[in-house]
Amino acid sequence: MSTLRKRVYSRKTYEAPIMYTNYDTESYCPAKMYNTSLNGMYFESERALQPQSEICIKMVTHSSEEPGPE
């Protein structure tokens, strides 16, 4: 029997293309964000990230005039 764990913060679906890079480089990789919460986001990329990696994320198509993740 498995134990279900409830998330501390609710997730909001928000699909959008993003670009990310490690803080020590300017080489951005494409990825797709699928949802966000108050303390994080879920995205998928072709490249693997190491756990605890510090990254910088850019939203590719987001305009400051449209609603988006906070």
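The values are calculated or read from the model by the stated rules, or taken from the named source; none is laboratory data. A quick note: this is a predicted structure, and the numbers were derived from the prediction, not measured. Ideal geometry is used to build each Cβ from the backbone, glycine not excepted, and the neighbour counts take in all protein chains shown.
General observations
- Filtered residues of the range 20-29 (kept if free of Cβ contacts under 8 Å to residues at least 24 places away in the same chain and part of a strand (DSSP E or B)): 29
- From 15, 46, 54, residue being surrounded by fewer than 10 Cβ atoms within 10 Å (Cβ to Cβ), modelled with pLDDT of 90 or more and in contact with an Asp or Glu (Cβ under 9 Å, 6 or more places away or on another chain): 54
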